[in-house]
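Trainee: Below are the structure tokens for one structure; questions will follow.
The values are calculated or read from the model by the stated rules, or taken from the named source; none is laboratory data. For clarity, every value in this text was computed on a predicted model and none was experimentally measured. Note that we place each Cβ from the backbone using ideal geometry, even for glycine, and neighbour counts take in every protein chain shown. In case anyone asks, the SASA skips ligands and DNA or RNA and just uses the protein heavy atoms, side chains included. Shrake-Rupley method; radii C 1.70, N 1.55, O 1.52, S 1.80 Å.
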Amino acid sequence: MSRFRSGLIAGLFAVSAAVASAQGTRIDLGSLEHDTSLPVEVSSNSLSIANENGRAVFDGDVVVVQGPMRLGAGRIEIEYGQSDGGNTDIREMLATGGVTFTNGTDAAESREAVYSPEDGALVMTGDVVLTQGLGVISGDRLVVDLGAGTGVMEGRVRTVFQAEDN
């Protein structure tokens, strides 16, 4: 059996095992498992802070790095909260303006995304495209649990299988 054929069969089994309920297509994102306790580094062209409402806005070529995970966007608004120890914790990040997410060899793109570092939830919306190796899955919304390495693609879901080069 050719590598393409065996890869295609394995891919079809993986997809058929993951195929969906009415809510969307379940996706195994084991390579996206992520340690949300790692420090978060943010870089951008500009920063404005509003201490009175616990928000910071990073504008222009924004890149968020947490371990091997990278989140990039034109603009990211961060909502802060107080932790038990009195330190400032990131509650939520709202990314807009062409969002890219990478972790290892997996990558996703969308128009917007919301990342909650505390619980490892990432929700990407608007023309979402997820690339895993040679496979591509697209839909309207991708909900990822980074701690568990699982996700659900919702909306009109489309999957493309590509042959491996021999």
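Trainee: Which ³J(HN,Hα) values in Hz, rounded to whole numbers, follow from the phi angles of the stretch 50-66 under the Karplus curve 6.51 cos²θ - 1.76 cosθ + 1.60, where θ = phi - 60° and Gly and Pro get x?
Mentor: For the stretch 50-66, the Karplus curve yields 10, 4, 4, 10, x, 10, 9, 10, 9, 10, x, 6, 7, 10, 10, 10, 9 Hz.
Trainee: Which whole-number value in Å² is the accessible area per residue of the stretch 114-163, probe 1.4 Å?
Mentor: Value for the stretch 114-163: 47 Å² per residue.
Trainee: Which FRET efficiency, nearest 0.05, do E118 and R158 yield, Cβ-Cβ r, R0 41 Å?
Mentor: 0.80
Trainee: Kindly provide the chymotrypsin sites (Phe, Trp or Tyr not before Pro) of the stretch 95-165 that DSSP labels as loop, not H, G, I, E or B, and whose Cβ sees at most 16 other Cβ atoms within 10 Å.
Mentor: Filter output for the stretch 95-165: F161.
Trainee: Can you compute the modelled spin-label distance between V129 and R111, with each label point 7 Å from Cα toward Cβ, in nm?
Mentor: 1.6
Trainee: Could you work out the local net charge near F101, counting Lys and Arg as +1, Asp and Glu as -1, over the other residues with Cβ closer than 13 Å to its Cβ?
Mentor: For residues surrounding F101, the net value is -1.
Trainee: Next up: Find how much the distance from L47 to E92 grows on full extension, using 0.36 nm per residue of separation minus their present alpha carbon separation; answer in nm with one decimal.
Mentor: Extra length available between L47 and E92 comes to 14.6 nm.
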